[in-house]
Amino acid sequence: MTLRLPLCLLVLCASLPASAPAPGAPWGAQSLWDAWPQARVAPADPWSLKHAGLRQTLDGLQARHPGLLTLVEEGLSAEGRKIPLLRVGTGPTGILLWSQMHGDEPTATAALLDALNWLGTHRQDAAVKQFLSRVTLWIIPMLNPDGAERTQRWNAQGIDINRDALRLSTPEGRYLKAVRDRLRPALGYNLHNQNPLLRAGRAGSQAAISVLSVPGDEADSGALGTRKTRQLALEVQRLVQALAPGRVARYDTDYTARAFGDSMTRWGTPTLLIETGGWGGPGEAGRLVRLNFVALLGSLAAVADGSFEAMDPADYGRIPLNQRDALGTLVVRNTRLASGRGFPPFVADLSFVIPGAFAGEAIRRLEPGLVELGDLADFKGVDEFDAAGMLAVPWPTQPETGWASLREALQARGLVETDEATLLAAARALGEAAVARSGFTGAVLLYRTLATGRLKLEGAVLRGQLAGLPTPRQGVSKPSLGLNGGNQPDVNPVKCGTPSAAPG
Ligand SMILES: [Zn+2]
């Protein structure tokens, strides 16, 4: 849905915290957000960008902005794909940014390409000129091209490069370490995607961006420059918070010596981890690239002019922690559930997950399906549906079964309008195939009780999505204005004036 607001209201919406640059400043969160649609060069779906597409985009950027970015050299992946290292700017502060160390985590890669195009377009602006004279960006946009080719986390040897910082069995890991040791950058940006179904704090919204000032030792003593990366994490939070309130979290992890971010910090390059999560709704992939574009350019500018050092590192601990196991793709609430095995119906909430292109650190769930049932009061759904007054019945289906064919099959059995005893007897006859439990991938039929006491089939959850029923109420607040992946230059995601339609 696209909601057009009067210009004056958009201007009000753009108000940023007092410490932020004015909305008109080129590096302001809002200005960068607004600039992104024109800056885009990466494909709308970041997962479609592979090694060949990256090379093509880099060639295009070099042709369009001669002299902006230098292809310094190329490392080699296990399968012999080239790993470009780019240099932008001439300043004394070196910053090394590497993305897609995990091949199936491309959001920041796309944002980096768009950011390069934006810098090229604006390189004659005084602010950009000054930026390029203060920092030198060293960029490895796709460290794991073999993994990207297969949309997998690991490199072609099957190794998680981010656990190879000590043993250095991977050519990609060896290359990254060699680059760091040679350049000795003052700061590192380690760019990833995380499980999109995490929340920013216990009662928080879906985390769109998570940050971590990566510790370089067990004690995280701060002696290794993590004061700076804490300030930088707060700067990213400030930028993202302005556009996606309540959607920034702190990545929760312990010091891991064999991980790259931790090792970079220990080796002398204090490193900020930025993890892209989820921000449900149409155009999600583009919206997350756009948010990365703002976070990267905005925070790099704050490094260049030193403004990030105004942040109080003590505030870092107040960024809400990532909360796991508390968010589903769809939550159906308050239904009576005939779960199978002959149990009488009971009131339950049901949480479904649809796995995306991204596997994350957890074992990949291959099929969309039910993950949890019971009292899910502490759960949220990216989408939610209140099924109070309905009866839910699990029903086995084939993966290709659509709503029309399912309804037809039930019609043929006289189960579109029926009585409860008949329906439950039919379900029970299907045995264990029609039992609602974690991992169930069939349909969950949703019946409404008519005034006559009979049941009428209204819809179903099919492959983690509602079918035959109106669009669900949104359980986690979403951008209030239409965002379709970036083709609308004038949209603004900042909520203002009207209260959020849903608890956030
Ligand atoms: Zn990762």
>> In the stretch 21-323, if the dipole is taken from +1 on Lys/Arg beta carbons and -1 on Asp/Glu beta carbons about the Cα centre, which of 185, 135, 53 is farthest to the positive end?
In response: 135
> Ignoring ligands, DNA and RNA, what accessible area per residue does the stretch 327-467 give at 1.4 Å, in Å²?
Replying inline: 46
> Hey, what's the stretch 21-323 come to in accessible area per residue, 1.4 Å probe, Å²?
Replying inline: 33
> Could you give the longest part of the chain that holds none of the trypsin sites (Lys or Arg not before Pro) found in DSSP loops with at most 16 neighbouring Cβ atoms within 10 Å?
Replying inline: 5-122
> Which shape class, rounded, prolate or oblate, goes with the stretch 114-267 when its Cα gyration tensor gives a ≥ b ≥ c as root eigenvalues, a/c under 1.5 marks rounded, and past that a/b bigger than b/c marks prolate?
Replying inline: rounded
> Under a 5 Å amide H to amide H cut-off, with H placed in plane at 1.01 Å, what residues pair with residue 279 once short-range neighbours are removed?
Replying inline: none
>> Going 7 Å from the Cα of residue 310 along its beta-carbon direction, which residues of the stretch 64-101 have the amide nitrogen within less than 11 Å of the resulting point?
In response: none
>> How would the stretch 327-467 be classified by its alpha-carbon gyration tensor: rounded, prolate or oblate, with rounded meaning a/c under 1.5 and the a/b versus b/c comparison settling the rest?
In response: prolate
> Which FRET efficiency value, to the nearest 0.05, do you get for residue 437 and residue 167 by plugging their Cβ-Cβ distance into 1/(1 + (r/R0)^6) with R0 = 35 Å?
Replying inline: 0.30
> Does the stretch 21-323 classify as rounded, prolate or oblate by the C-alpha gyration tensor (a ≥ b ≥ c root eigenvalues; a/c under 1.5 gives rounded; else a/b over b/c gives prolate, otherwise oblate)?
Replying inline: rounded
> Considering only protein heavy atoms and a 1.4 Å probe, what is the carbon-and-sulfur percentage of the accessible area of the chain?
Replying inline: 53
>> At 0.36 nm per residue, and after removing the present C-alpha to C-alpha distance, how many nm does the segment from residue 253 to residue 218 gain when stretched out fully?
In response: 11.5 nm
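Return a whole-number percent for the relative contact order of the chain, with Cα pairs under 8 Å and 6 or more residues apart as the contact set.
That works out to 15 percent.
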>> Taking only the Cα atoms of the stretch 275-345, how large is their convex hull per residue, in Å³?
In response: 150
> Assuming R0 = 25 Å, what is the FRET efficiency of residue 130 and residue 72, from their Cβ-Cβ distance, to the nearest 0.05?
Replying inline: 0.65
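How large is the dipole of the chain about the Cα centre if only Lys and Arg carry +1 and Asp and Glu carry -1, each at its Cβ, rounded to the nearest 20 debye?
The calculation lands at about 380 debye.
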> Looking at this model, which pairs from 50/380; 50/129; 50/177; 50/228 are more than 27 angstrom apart at the alpha-carbon?
Replying inline: 50/380; 50/129; 50/228
> Modelled label-to-label distance, residue 367 and residue 428, 7 Å Cα→beta-carbon offset: nm?
Replying inline: 2.5
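The values are calculated or read from the model by the stated rules, or taken from the named source; none is laboratory data. Owing to the predicted nature of the structure, the values given are computational and were not obtained by experimental measurement. FYI the Cβ positions are ideal-geometry reconstructions off the backbone, even for glycines, and counts take in every protein chain you see. Ligands, DNA and RNA are excluded from the accessible area calculation, which covers all protein heavy atoms including side chains. Shrake-Rupley method; radii C 1.70, N 1.55, O 1.52, S 1.80 Å.
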